[in-house]
Amino acid sequence: MKYLVLALPFFVLPAAAWADEVCLPPRMSLDDETRGQQDLENERQRPDDGASLTPMEFFYRHSELEAGGTYTDFGSSLALRSNLGFYVRYGVEVVPHVSVQMTYRYAAFTNNPFLEDVRVQALTFGAAVHVPLSPEFALVGGLGIGPMWWDSSLTAPDVGFGITGEIALTVRLWEMLRFKAGVLLDGVSTSFHQASSTWSFDLTYLFGLEIGM
């Protein structure tokens, strides 16, 4: 028994060394556990910091792509029949619910009864505000400015500078897909089909799909 007592430290020391190798905590306290839980909760609730994103990451996470069809009722001064077209739009959300946008619109048709082939295009730059009404629905209002131009097979083409106002409603179809329906009002000064420049006000109905966050 005396030799067993003398040999006991030789068994205890290797066991302590093994415990240190497998990283067993030397002590556990309630304060340490509470502090660890608080750190985890803070990390989960930490808001997204846009300054920590690279430019490519920011554009990827906040970009929106939109495309759809249009039906435009042109002002009477242009002497153009109402017709269908399409539009594409790219936007970036710069602050929550506010985005900057670039929109291109195009329409090509025959202007009966004159058998005139007409192309109408517009490129506008502006901003839009999204007002959430519910998790599925949102109201959108926007303003834009930019050039609009008309090409004709019978008369001289013309380019004007216009202002566009938009109001629309969106409904979420899927996590990153929304359907959009709205109206645009264009005001543009042009001499197309006229002897001098006058203001024309055109009303456009749009139906499209939004893809983005």
Worksheet item: For Phe207, are the conditions met, namely being in the same structural domain as Ser76 (by TED's automatic domain parsing), farther than 16 Å from Val131 by Cα and part of a loop (DSSP other than H, G, I, E, B)?
Response: no
Discussion item. Between Phe114, Phe109, which is in a strand (DSSP E or B) and farther than 15 Å from Ala67 by Cα?
Written reply: Phe109
Discussion item. Condition first: more than 28 Å from Trp199 (Cβ to Cβ), assigned to a loop (DSSP other than H, G, I, E, B) and modelled with pLDDT of 95 or more. Can you find one or more residues in segment 95-104 that meet it?
Written reply: no
Response to the item:
Filtering segment 148-184 for residues that are in a strand (DSSP E or B) and under 22 Å from Gly69 (Cβ atoms) leaves a count of 24
Worksheet item: Which number in (1) in contact (Cβ under 8 Å) with a residue 40 or more places away in the chain; (2) not in a strand (DSSP E or B) marks the one condition that Ser196 misses?
Response: (1)
Discussion item. Conditions first: (1) farther than 28 Å from Val171 by Cβ; (2) outside any strand (DSSP E or B); (3) not acidic (Asp, Glu). Ser134 passes all but one, so which condition is the exception?
Written reply: (1)
Worksheet item: Has segment 71-90 got at least one residue that is surrounded by 14 or more Cβ atoms within 10 Å (Cβ to Cβ) and at positive phi?
Response: yes
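Residue-wise test of (1) within 19 Å of the chain's Cα centre (by Cα); (2) surrounded by 14 or more Cβ atoms within 10 Å (Cβ to Cβ).
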residue: Trp149; (1), (2): no, yes
residue: Leu154; (1), (2): no, no
residue: Ala168; (1), (2): yes, yes
residue: Phe179; (1), (2): yes, yes
residue: Ser191; (1), (2): no, yes
Worksheet item: Do we have Val140 as modelled with pLDDT of 95 or more and in contact with a His (Cβ under 7 Å, 6 or more places away or on another chain) here?
Response: yes
Worksheet item: Can you tell which of Glu66, Glu57, Glu136 is touching a residue at least 60 places away in the same chain (Cβ under 8 Å) and among the charged types (D, E, K, R)?
Response: Glu66
Practice prompt. State which residue is farthest from the chain's Cα centre (by Cα) when the search covers only segment 112-129 and only residues that are in contact (Cβ under 8 Å) with a residue 40 or more places away in the chain and surrounded by 18 or more Cβ atoms within 10 Å (Cβ to Cβ).
Written response: Val120
Item to complete: Name the single residue, out of those in segment 56-74 being of a type outside the set (Lys, Arg) and in a helix (DSSP H, G or I), that is modelled with the lowest pLDDT.
Response: Phe59
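The values are calculated or read from the model by the stated rules, or taken from the named source; none is laboratory data. No experiment lies behind these values; they were computed from the predicted model shown. Note that each Cβ is placed from the backbone with ideal geometry, even for glycine, and that neighbours are counted across all protein chains shown.
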